[in-house]
Every structure is written in C-alpha cells, then in structure tokens.
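What follows is a set of notes on a single structure, which appears directly below.
The values are calculated or read from the model by the stated rules, or taken from the named source; none is laboratory data. This is a predicted model, so every value here is computed, not measured. Cβ sites come from the backbone with ideal geometry, for glycine too, and all protein chains shown count toward neighbours. These accessible areas exclude ligands, DNA and RNA; they are computed on the full protein's heavy atoms, side chains included. Shrake-Rupley method; radii C 1.70, N 1.55, O 1.52, S 1.80 Å.
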Amino acid sequence: MERTICCVDIGTSKICAVVAKVNRSGDIEVLGKSMKPCDCVKKGVIVDIDEASSIIKSCISEIRAIKNVQINSAYVNIMGAHVSIISNRSSVDTSTSNHEISQEDIERVLSRVEDLEFPKDRQIIDVVPRQYILDGCDEIVDPLGMTGMKLEVEADIIAGKITSVQNIIKSMKKADMEVEGIIVESLAIGELALTPQEKDIGVVLIDIGGGITNISVFKNKKIVFFDSLPVGGDHISNDISIGLRIPFNEAEKLKREYELALTSLIKNDHEITVNDVNDNKKKDIKVSEVVEIIEARVHEIFSLCKNVLDKNQVLDSFNGNVVLAGGGISYVDGNMQLAYEVFELPARVAYHKIPGISKPEFLTCVGTVRYVASRLKLSKNESETENKVSNKSRPKFAFLKKIYKFFTGLF
Ligand SMILES: Nc1ncnc2c1ncn2[C@@H]1O[C@H](COP(=O)(O)OP(=O)(O)OP(=O)(O)O)[C@@H](O)[C@H]1O
Ligand SMILES: [Mg+2]
C-alpha cells in the first residue's frame with residue numbers, strides 16, 4: 001500500500017510544500033515540491049494570514065500543475081518555542097473476554113493520557129506514544145493483537161500556543177487546504193536527519209533559519225530540551241548591509257555567492273564592486289570584509305545557543321555531537337569548524353538520502369513527511385478507525401478527543 005503525504009513549512013523567509021509518496025517499507029519518493037519567498041512570519045508566528053494563504057495556495061497549485069495530483073490537505077510544521085511537551089502515563093484494563101488488545105483499547109489508553117492541565121494559552125495538538133506496557137512488560141511499540149490484562153502507555157503530550165496554531169489553521173483553510181496534523185519542527189528534522197545512535201547518546205540540533213534559531217537536544221531516544229532565539233540567516237545579511245553600507249538585497253546576494261563563514265578559508269581575497277546604500281555610487285570592497293561579518297555573526301549565534309544550553313545545564317556530562325540544519329547555516333563553509341570552536345563538540349551538517357530534494361530549506365518539509373510516515377506505519381488499523389468517522393476533515397492523528405475537537409474547531 002502506498003500513501004501520498006503533503007507537508008507545508010511556513011518559515012520566516014519562505015513557504016514551501018512537498019508532496020511525496022511513501023510505500024509500505026517507508027521509502028519516500030518526492031512527487032513535487034515548491035518554494036516561494038514570504039514575509040508573513042515574525043518570530044515564528046504568522047502575522048499576515050492573507051499573504052500566507054495566498055503563498056500556500058500558489059505552492060500547492062504549482063505542484064498540482066506539474067504532477068496532476070489531488071492535494072486537499074497537508075501536515076504543517078510548528079516551531080519548538082510555540083509548543084510544550086509533557087510526558088504522561090495512563091492505564092486501562094483490557095475490554096475483550098480473551099484479553100487480546102484491540103484498537104479500541106489502544107484508543108482508550110491514549111485518550112486517557114491526554115487528561116492533563118495545560119496553561120490557558122495552550123492546546124494539545126499531538127500525543128506521541130513512547131512505549132506501551134502490557135502487564136508490566138515494557139518497551140512495546142505496538143500492542144495490537146497481544147494478550148494481557150492491563151495496558152499502559154507512556155506518551156509525550158504536545159501542546160501548542162493557541163494563537164500560533166489557529167493562525168496556521170486559518171491560513172491553510174483560506175488556501176482551501178485542511179490541516180491533517182501539526183508537527184513540531186525539531187521532531188520532524190530529528191526523525192529524518194539524526195541517527196538513532198545520536199538521539200540515544202545525545203545530540204544538539206541547531207536549526208538556523210531566516211529569522212529564528214531553534215535549539216533542540218535529544219538524549220535517551222527522546223527530545224529533552226528545546227528553545228529558540230530570534231536570530232537567523234537574515235540577521236547575517238542585515239549585518240553585511242549595515243557594516244558595509246550596501247543595500248540588503250546586495251548583502252544577501254554576496255552572502256549566497258561566497259558561502260563562507262571563516263576568513264581563513266578564503267582562497268582569493270579579491271575586490272568586488274558594490275553599490276553604496278545612500279550615495280547611489282559604486283565602491284570596492286574585499287571578499288574578506290563580507291566573510292568577517294558572516295564569521296562574527298555565526299560565532300555570536302552559536303555562542304548565544306551555548307549560553308542557553310549552559311544556563312539550563314543541558315551539556316553537563318554530555319557526550320554527544322552537534323548537528324547543524326536550516327538555510328541560515330547549512331550553506332556556509334566553515335560552519336562545522338565554528339561550531340566545534342564554540343560548543344567544543346564534534347559537529348556535522350544535517351543531510352538525508354531522499355533523492356531530488358537536497359536543498360537545506362526543504363529539510364523541515366521532508367522531515368515532516370518522514371515523521372508522518374513513521375507515525376502512520378505504527379497505527380496499522382488507522383484506515384479501519386477512520387471509516388468510523390463521518391467528518392472528512394478529521395486529522396490523521398486525531399483519534400484523541402481533545403485534538404479532534406481542536407482541529408475541528410469544537411473546543
Ligand atoms: N546559498 C546560501 N548561502 C547562505 N545563506 C543562504 C543561502 N541560501 C539561503 N540562505 C539563507 O537561508 C535562510 C533561510 O533558511 P530557511 O529556509 O531554513 O529559513 P526559514 O524556514 O524561512 O526561517 P525560520 O526557520 O527562521 O522561520 C535565509 O537567511 C537565507 O539568506
Ligand atoms: Mg524554518
């Protein structure tokens with residue numbers, strides 16, 4: 001059986017969408033992708049729903065036109081700073097006479113685990129089962145069909161800021177798209193670009209986008225910390241623009257042309273002719289002047305991340321590595337050396353092997369496809385469950401009462 005999954009990533013500098021086919025073994029084939037610049041997100045929140053929806057619509061139309069695929073719904077990402085993750089545990093006695101675990105038992109135990117109090121501005125958007133425990137036997141991934149008297153689940157309950165989530169849903173609805181689920185960006189990237197060993201031993205994921213840097217730490221196979229800082233690749237371009245007194249667009253162009261974050265890596269420090277920001281006249285600058293500014297800002301972003309991690313004592317007795325992701329940092333050579341200098345940990349850049357979609361800006365979208373594919377693979381009887389639901393807009397993970405009400409606007 002194959003599934004078609006659509007994911008939309010609404011970022012500070014761009015909106016992108018990916019439609020992919022996932023087969024039974026979890027192989028992903030990208031059917032279509034589209035990326036368009038946007039200016040409708042500030043500090044991770046959509047501030048212009050009209051613009052967001054029109055860009056989403058145009059991304060989806062572009063994919064539909066190329067591939068002639070039916071796309072009416074999608075999974076959308078939400079950044080880590082707008083969610084809280086709380087671990088909880090619940091249990092039920094099995095309902096059948098032969099004590100074989102049914103889908104209904106699983107749904108009952110999962111809907112109990114969501115009974116938690118969150119701050120008023122938060123609403124549950126997902127429940128991620130970590131392990132099931134059957135009559136004391138733990139680490140069960142899928143208990144369906146097993147036999148036991150008492151079924152327990154340990155799960156991460158994910159709650160999002162209502163304003164962020166509502167703006168995502170409104171923008172999608174206005175683009176005539178249903179939201180099937182809202183996925184935490186770091187979990188999506190973690191699923192795609194971090195190895196199981198890294199997530200077990202410990203790994204710091206630094207995702208530098210256009211306007212936001214997301215810091216997440218995984219250890220013992222789960223996310224243990226996340227935070228975000230309001231800085232990103234656009235601040236690097238802004239520094240170049242201010243520092244060299246050149247227009248922002250020209251600064252952005254120079255950054256993309258040289259793709260360097262370390263002056264020691266410059267091979268030919270030649271002069272470049274640029275426009276002065278005020279005088280409307282040309283002037284000459286050296287490549288090293290551009291790269292010095294990039295190096296200083298990247299160093300500063302890393303140091304700010306390190307401060308956050310130190311303040312929260314995340315790196316105490318930490319033996320893992322750093323993985324860099326996002327368009328703001330993935331392109332510039334010297335990124336790993338700078339990360340090593342600041343974090344004093346080995347560093348690498350995130351990558352994946354899915355063909356035809358290697359640009360760092362697509363990482364969140366492809367990660368979301370991977371994340372959704374693994375979640376759906378786990379809920380084997382999902383189609384059976386879905387048929388019982390009359391509301392077509394019911395999101396795929398919404399077997400839980402609060403999430404269902406939330407996505408359908410009933411809460
Ligand atoms: N070739 C390149 N060299 C250097 N930087 C680049 C290059 N291409 C893109 N970038 C930078 O990548 C950043 C955008 O990255 P990304 O698409 O990951 O961010 P986003 O998802 O839009 O934003 P955020 O995650 O902060 O909301 C921009 O700052 C852009 O300047
Ligand atoms: Mg992003």
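Quick notes
- Applying 1/(1 + (r/R0)^6) with R0 = 30 Å to the Cβ-Cβ distance of Arg348 and Met1 gives a FRET efficiency near 0.30.
- Residue ranking by accessible heavy-atom surface, 1.4 Å probe, largest first, among Met1, Met336, Met149 comes out as Met1, Met149, Met336.
- Tilt relative to the chain, helix 248-258 - C-alpha long axis, 0 to 90 degrees, to 10: 80 degrees
- MRE, 222 nm, helices only [DSSP H, n ≥ 4, -39500 (n - 2.57), over the chain, to nearest 500]: -11000 deg cm²/dmol
- Once all protein chains are placed together, Glu100 keeps about 90 Å² accessible to a 1.4 angstrom probe.
- Accessible area per residue for the chain, computed on protein heavy atoms with a 1.4 Å probe, is 46 Å².
- Sorted on the mean count of surrounding Cβ atoms within 10 Å across their residues, most packed first, peptides 320-326, 133-139 read 320-326, 133-139.
- The share of accessible area on segment 83-161 that comes from carbon and sulfur is 47 percent, using a 1.4 angstrom probe.
- Tensor-based shape of segment 1-88 (alpha-carbon gyration tensor, a/c under 1.5 rounded, otherwise prolate or oblate): oblate
- Of the peptides 166-173, 25-32, the ranking by mean beta-carbon count within 10 Å, highest at the top, reads 166-173, 25-32.
- Ranked packing of 232-240, 343-351, most packed first, by mean Cβ within 10 Å: 232-240, 343-351
- With each label modelled as a point 7 angstrom along the Cα→C-beta vector, the Glu289-Leu144 pair spans 6.4 nm.
- The mean sequence distance of close C-alpha pairs (under 8 Å, at least 6 residues apart), as a share of the length of the chain, puts its relative contact order at 17 percent.
- For Glu341 and Lys21, a Förster radius of 35 Å and the Cβ-Cβ distance give a FRET efficiency of 0.25, rounded to the nearest 0.05.
- Largest to smallest principal axis extent of the C-alpha atoms in the chain, angstrom: 83, 50, 40
- Computed over protein heavy atoms with a 1.4 Å probe, the carbon and sulfur contribution to the accessible area of segment 195-349 reaches 47%.
- Taking Ile49, Ile215, Ile266 as the candidate residues, the one with maximal mean-square fluctuation in a Gaussian network model of the chain, Cα springs under 10 Å, is Ile266.
- Global form of segment 83-161, assessed from the alpha-carbon gyration tensor, a/c cut-off 1.5: prolate
- Using alpha-carbon coordinates, inclination of helix 363-378 to the longest axis of the chain, degrees: 10 degrees
- Segment 162-194-segment 1-49 distance, computed between alpha-carbon centres (Å): 9 Å
- Inter-label distance for Thr163 and Asp121, nm, one decimal - labels placed 7 Å from Cα along Cα-to-Cβ: 0.6 nm
- Global geometry of segment 195-349, whether rounded, prolate or oblate, following the gyration tensor of its Cα atoms and the 1.5 cut on a/c: prolate
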